[in-house]
Amino acid sequence: MNLSITLTVNGRERMLALPDPRVTLLDLLRDRLDLTGTKKGCDRGHCGACTILVDGRRTNSCLALAISHDGADILTIEGVAHGDTLDPVQAAFIAHDGFQCGYCTPGQIMSAIGLIREGQAGTDPERVREGMSGNLCRCGAYAGITEAVLEAQRALDAAEQEQAA
Amino acid sequence: MNRFDYIRPTTIPEAVAAASAPGAAYLAAGTNLVDLMKGGIARPSRLVDVGRLPGLSAIEHLPDGGVRIGALVRNADLAYDPGFARRFPAVAEALLSGASAQLRNAATVGGNLLQRTRCAYFHDVASACNKREPGAGCDARGGENRLHAVLGWSEGCIATHPSDFCVPLAAFNAIVEVAGATGHRDIPLEEFHLLPGETPERETLLAPGELILALRLPGTEAAFAAHARYLKVRERTSYAFAVVSAAAGLRLDGGRIAEARLALGGVALKPWRARAAEAALVGATPDEAAFRLAAEAALEAARPSGDNAFKIELARRILVRALTLAAAGTPARMPALPASPFAIGA
């Protein structure tokens, strides 16, 4: 088997030869593509720091073997902002102090973007907390994170209504 | 992680042939397997990636009211399929109470059945574990075992099966369709997982190379949809394995229970169907007294395997509560907030 794959990473197509089938998407992003925004926390799928979107869905990149993701469309924290304009989720995390040390933040933001796209949480803080439970924050910024997700959801809903009007 | 060969077959027979070799393992999403490989607990010499096999990713609503779920359907996709949640609400509730959103987006339903136990001694390669290394002994017996099995355990293994999804599947008579070298066969989910006995290393009825193709929930079981719940208690509100969980389904007729479905999770090395308790409920009025009798029947054979006697009484109470919730009716919003006792009524 030829151990090379093609990925679209933050909109750019990348051809990548893999030295070994053991490489995870997380290690590939960090070590090969210098996209170190995606963090390695536990490396075992427990903490959520490595969350990215794979084909539009939030996933733990530490448990995803790169070789089995040939052709996938990957979005990482580096691809979220539009030039100098922050994504509404990023802006809401700043506005609501959704972090302290910041290590879990890229994963939290990617997870929040995924949660909002899934459309299951709405404006219910309990559902937001449940939906974000795969992302641990050892600083305990959970209250700010929940507020940020709710505000981002409101901002996106308002933008959508404006567009529809 | 050990080195391995990676193969991606394009047909089911090719996959079965490739996985029949000693040391081979199937890879779908890898959410459990890659974790086990990183810990040195699983060391397959060959990974057979079935993630792109055709025909295994559909949710088919069958004319008889049943559902056929391809083995590669992702947990989240099944839980959020509106037709599925309407027919089998307790299964959707169980799916959403398992793992995290990230894991549910990746993990497949076939893989869910093949999850390994979360026993800490199984996961710690420095500990003795008969499941990991037959004959090595069991460090869980004299160790931290308050979360271990209270039903069906043996001297050789007191681990529990971690799946939420499998609990309502056992209750509602799910069938596992598998393909092997000699053809296809159906295995009732209730028989699919093995109790430890003398061979805790044997976990399922699957022969080497056999591949899960699909799960089927029979149409008759959709008759419980109006009164079906999954209730899970854990040591935090979300993203934790069950201490004890229960799936309960009732079919009510003229104020009495015509038929019941019950299974427990977190109590044994397999999802624990409580048939004696189901029988005890038939003809009864759905009230607390009847539910308590059923719970007594369900836990009659239970005994602690360590510091876990509390799980026996907890399991009785969870059964009573799950039955009470089921009798009150499946909530209008499905999936409900996943199976948390703090979210009842939400």
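Every read-out reported here was derived from the displayed coordinates using simple, explicitly stated rules and does not represent laboratory data. The structure presented is a predicted model; accordingly, all values stated were derived computationally and were not measured. No Cβ is skipped: glycine too gets one built from the backbone with ideal geometry, and neighbour counts run over all protein chains shown.
Annotations
- Within 10 Å of the Cβ of each residue in B:229-239, the mean number of Cβ atoms contributed by other protein chains is 2.
- Neighbours of B:Glu60 by Cβ distance under 14 Å: Lys/Arg scored +1, Asp/Glu scored -1, total -1.
- Residues B:Tyr121, B:Tyr239 arranged by fewest to most Cβ contacts within 10 Å: B:Tyr239, B:Tyr121
- For B:Asp35, the shell of other residues with beta-carbons less than 11 Å away shows a net charge of +3, using +1 for Lys and Arg and -1 for Asp and Glu.
- Förster-model FRET efficiency, 35 Å R0, B:Asp5 and B:Arg185, C-beta, rounded to 0.05: 0.80
- Each of B:Ser245, B:Ser163, B:Ser45 was scored by other Cβ atoms within 10 Å of its Cβ. Listed from fewest to most, they are B:Ser45, B:Ser163, B:Ser245.
- Peptide B:241-254 has a mean of 0 when you count, residue by residue, the C-beta atoms of other protein chains within 10 Å of its C-beta.
- Shielding value for B:70-77 is 1, the average number of Cβ atoms from other chains within 10 Å of each residue's Cβ.
- All-pairs alpha carbon distance profile, region B:227-341, 5 Å steps from 0, percent: 2, 13, 24, 24, 18, 12, 5, 2, 0
- Built from the Cα atoms of region B:4-162, the convex hull projects on average onto 11.2 nm², one quarter of its surface area.
- Gyration tensor (alpha-carbon) shape descriptor, region B:26-104, a/c threshold 1.5: oblate
- Amide H within-cut-off set for B:Ala107, under 5 Å, with H built and near neighbours excluded: B:Asn75
- Dividing the summed -39500 (n - 2.57) terms of all DSSP H runs of n ≥ 4 by the residue count of chain B sets its mean residue ellipticity at 222 nm at -7000 deg cm²/dmol.
- Pairs of Lys residues in the protein assembly as shown are counted when their Cα atoms are under 21 angstrom apart and they lie 8 or more places apart or on different chains; the count is 7.
- Chain B pair-distance distribution - Cα-Cα, 10 Å bins, rounded %: 6, 26, 35, 24, 8, 1, 0
- Rounded if a/c under 1.5, otherwise prolate or oblate - region B:5-52, Cα gyration tensor axes: oblate
- Less than 5 angstrom separates the built amide H of B:Asp5 from those of B:Arg46, B:Leu47, all sequence-distant by 5 or more or on a different chain.
- Sorting B:105-114, A:149-158 by their mean Cβ neighbour count within 10 Å, with the most densely packed peptide first, gives B:105-114, A:149-158.
- Environment charge of A:Asp157, counting only residues whose C-beta is closer than 14 Å and scoring Lys/Arg +1, Asp/Glu -1: -2
- Legend: P(r) of the protein assembly as shown from all alpha carbon pair distances, 20 Å bins from 0, whole percents, reading 23, 56, 21, 1.
- Phi-derived couplings, Karplus 6.51 cos²θ - 1.76 cosθ + 1.60 at θ = phi - 60°, listed residue by residue for region B:54-68: x, x, 10, 10, 9, 9, 9, 8, 7, x, 7, x, x, 9, 10 Hz, with x used for Gly and Pro.
- On Cα atoms only, tilt of A:142-164 relative to the major axis of chain A in degrees: 80
- In degrees, nearest ten, helix B:310-328 long axis to first principal axis of chain B (Cα): 60
- Burial ordering of B:His227, B:His123, fewest other beta-carbon atoms within 10 Å first: B:His123, B:His227
- Under 5 Å, built H, 5+ apart or other chain: amide partners of B:Glu259: B:Arg251
- C-alpha long axis of helix B:288-298 to longest principal axis of chain B, angle in °: 30
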